[in-house]
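Heads up, the thing below is written out as structure tokens.
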């Protein structure tokens, strides 16, 4: 069992389960809490915002609202992949200092909503992970492989949306 | 079941007076010192009636009423506001915000109890 | 607070209240016409009376009632405040304190004060007419009512209202379901049922109105006397049917009691509309404008002349509707300025200075939201002027200035902007000290040449103004950067001017409206951008030849003036090649100009401004974004920011020789 304190940012239900939407990005599987997902969209025309941080380099028109489109690959120092037939945009609500902000996340492919088990989860290792530890809330092992639960709040926190793309330096020992 | 009433007012003495009047009439009374506290308490428990002042620090009564009415769980909860002015504008504004009714300060305890009974029907 | 004893708590609060009333009265003695003070005194007395009654201080309530009444008359302009009146109420105050302390045997003293009060008022009490008219032939009332649709959401329980009617007498209640919508459209939380009630009672009409007191203004209600022969016999079935007959709808304007009449009288002059409804209207107009631009695009792309003519007609209507809606949101700045009288008065007392407030252009109209949001920044600026700008009277006298300092608040419209100016005749901003401070903080280099305008902008730098008292705009911990941010949030800007010994002038330029602007749509690389049309001075062609010639330099000669220009393609790093015929859009703010080199000018565009996401707020070049007719997004250029970039670039070039 993982230490409880370290995992308390994940809202497991009483049965130790978490409903998530899993999606693929550059070969990795990420998952965000299903409750925060607003909508899954086909690709939309992007408008580049000159001068914006590379993480949120463009905006899209989401039902009359103009929302940033984020590429988590930039936060996790992963290689860009070309858009394909399965590419989607996952619109999620992020709490940013008490203000709810809608953000579109690029995904290479979106899986259905699944349930993760707390028993199979572990906290991110202190060393040896290829990403900045503070951006990952936990890892969950499944038959199909490892699922990464990114810390969306940390990724979009006012300090980390600056101009330096985070996470590029950690050595890959996975 | 005893009806529960939340009183929101920044004046401690007025809160006390309201509590004494309403609990004397058999209601269960809870207190909050401003809109922020009122909102938090109302979200935690659904009250049968909320009695609120309008002029308060941190969050005034109008804002609190608007916030409460935004929440589907608070639909239908009667909200009475206390106002010093018998001014129609303030009443119109508070009603537009979603208030149920008002009581003009100064009032005597009986008036408050009467209003509570009127709105709650008990 | 003293434990659970409300009476003790009341004594403390009442004491504080009386202190405030006393202060108000003393101030009023210096400014007899100050209605803010009159109102403050009135409110204090009113509250004291009310809470006194609530806590069992009847003698106090009764006594205070007379003083409150006197000030109510002053408040309503029936009586003017006099020194004698103030003196009497001041002595009445001491009496109130005695009553609060529980003194006994004070009646004689109290009566003497009240006699003086009456004399001071000098006007006989008007006896209110007893408007209640007895109706001897009445057997009861026939009423018909419908509640507003949102009544239940807002906490009104119709069943409770019906119970309350039943308490007045025997009631026959029939529900009318004629306006209940189809099930598919039914919103379960809304109230669509109407009721007809025959009420046998000798209670007056006002008792029925009291039942509906909280919803009276929004509901349909008719109350008619029931003739004796209409009284239904107890238990008679026919009577029920008779009461079900055709329901008379309330005639418009036919009131139900005094409230309705008052509302009607007001309606002739103006209509009060909750701000949210205006906002909702503005949103709809915004969507209409977007839909219209889509229609225009479709019509313009085809050959259907009829379609094109309809599209143009709708374009005209949408534009007019936009303007009409915008006007609805405009309010005069008088309401904003009015709030400063008290502030200046307080500041004068706090700082022991003599300050006069002069206002100008109060009829200038601005968007309501702007008025609300400008109050705090203006308070900061005015406070700073009074605190640090104006010299103490003795110093002013020594300088040969009038001992009374002047703070002038003025407003005027200039093109699409409204200019709000705070001007004082104090000592002005100490240029050298601002410079020294900025250098010490590393904001500028010692060698850097700065004009006054630029130098004074530094006081808006975060952390600058909260430091030690350097300029008349610093101190108090009030960050001028907050002021600047608020103003920029309104798409406005701040200019500072100062003359040593003569005073400083701070000008806020704010766009008249927030929601929709006329824009010029341009293309840079593959993306489209909006330039606010109000800032556009002219559009020129930049031939390839000229472009080549100007390489390395970035100024053009415009009617004998050198104007810096920015190649947006380069600024935005589009990575695209320039179009063969680029355009220069010359934009300006105040006296500053800058040319923006774009690839193509697409045309005029009604721009509905949408805010940038919180994640993009650190991007300074854009004030917002808009949705285009084809569903794409165009960013709106921040002209103030681009002009600043252009000026900086020009100075760099000049410095480089």
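None of the figures in this text is laboratory data; all of them are computed from the coordinates on show. Just so it is clear, the structure is predicted and the values come from calculations on it, not from any experiment. Every residue, glycine among them, receives a Cβ derived from its backbone with ideal geometry; neighbour counts consider all protein chains shown.
Computed quantities for the displayed model
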item: Average beta carbon contacts from partner chains per residue of A:50-61, 10 Å cutoff; result: 5
item: Theoretical FRET efficiency, 1/(1+(r/R0)^6), r = Cβ-Cβ of residue A:82 and residue C:307, R0 56 Å, to 0.05; result: 0.90
item: Residue order, fewest to most surrounding Cβ atoms within 10 angstrom, among B:102, C:141; result: B:102, C:141
item: Distant alpha-carbon pairs in the protein assembly as shown (separation over 48 angstrom), percent; result: 42 percent
item: Rounded Å value of the spacing that divides the Cα centres of region C:148-171 and region C:593-645; result: 54 Å
item: Antiparallel bridges, percent of DSSP beta bridges restricted to chain C (to nearest 5); result: 90 percent
item: Peptide ranges C:359-368, A:106-115 listed from the most packed, as the mean C-beta count within 10 angstrom indicates; result: C:359-368, A:106-115
item: Per-residue [θ]222 nm for the protein assembly as shown (sum of -39500 (n - 2.57) over DSSP H runs n ≥ 4, rounded to 500); result: -11000 deg cm²/dmol
item: C-alpha long axis of helix C:83-100 to longest principal axis of chain C, angle in °; result: 70 degrees
item: At q = 0.24 Å⁻¹, base-10 log of I(q)/I(0) for region B:4-120 (Debye sum, equal scatterers on each alpha carbon); result: -1.62
item: Exercise: per-residue mean of other protein chain Cβ atoms within 10 Å, C:5-13; result: 4
item: Alpha-carbon centroid distance for the pair region C:351-407 / region A:42-79, whole angstrom; result: 46 Å
item: Folded to 0 to 90 degrees: helix C:340-351 orientation relative to chain C principal axis, Cα; result: 80 degrees
item: Centroid-to-centroid separation of region C:284-343 and region C:16-77 [C-alpha atoms, Å]; result: 48 Å
item: Rg/Rg_globular for region C:162-211, with Rg_globular taken as 2.2 N^0.38 Å and Rg from C-alpha atoms; result: 1.44
item: For chain C: rounded, prolate or oblate by the Cα gyration tensor [a/c cutoff 1.5]; result: oblate
item: Acute angle (nearest 10 degrees) that the helix C:107-121 long axis makes with the longest principal axis of chain C, alpha-carbon atoms; result: 60 degrees
item: Computed FRET value (nearest 0.05) for residue C:19 with residue C:331, which takes r as the C-beta separation and R₀ as 35 Å; result: 0.50
item: Ranking of C:558, A:21, C:226 by count of other Cβ atoms within 10 Å, fewest first; result: C:558, C:226, A:21
item: Prolate/oblate/rounded call for region A:23-100, Cα gyration tensor, a/c under 1.5 rounded; result: rounded
item: Burial ordering of C:539, C:386, fewest other beta-carbon atoms within 10 Å first; result: C:539, C:386
item: The protein assembly as shown: antiparallel DSSP beta bridges as a percent of all, rounded to 5; result: 80 percent
item: FRET E, pair residue A:109, residue C:166, Förster distance 56 Å, beta-carbon r, rounded to 0.05; result: 0.30
item: Inter-chain shielding of C:197-208 (mean C-beta neighbours from other protein chains, 10 Å cut-off); result: 0
